[in-house]
C-alpha cells in the first residue's frame, strides 16, 4: 500500500558551512608554502647581517612574504616600518 504522505518532487542538498576538503587542503598547502618561503628569505636576511649582502632589504622582504598569511608577521612588519620612519625622521 503506498504511503499517504507526499514526497517532495526534488531533494534539496544541504550546504555545509565548512569548505570542501580540497579547498581546505589547498588553503593549508598555500599557508605552508608561504611559511617555508618566508622563513627561508627571513633567515637568509638574518644571515646577511654578518655576511655580505643587503640584510636591510631581505629581512623586510621575508616579513612581507610571511605577512601574506600570518598576522604576527604583519604586526612585526608594521612595527619595523614605524621604527624605520622614526629613525629617518619621517614621522
Seminar exercise, completed: So, for the Cα atoms of segment 17-67, Rg and Dmax in Å stand at 14.9, 51
Problem set entry | Per-peptide average of other Cβ atoms within 10 Å, ordering 55-66, 76-87 highest first | 55-66, 76-87
Exercise. Using a ≥ b ≥ c from the Cα gyration tensor of segment 34-91 (square roots of the eigenvalues), is it rounded, prolate or oblate, where a/c under 1.5 gives rounded and otherwise the larger of a/b and b/c decides, a/b for prolate?
Worked result: oblate
Problem set entry | Approximate spin-label separation residue 68-residue 80, in nm, with each point projected 7 Å along Cα-to-Cβ | 1.5 nm
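No lab work stands behind these numbers, since they all come straight from the coordinates. Owing to the predicted nature of the structure, the values given are computational and were not obtained by experimental measurement. For neighbour counting, all protein chains shown are included, and Cβ atoms are generated from backbone atoms with ideal geometry for every residue, glycine included.
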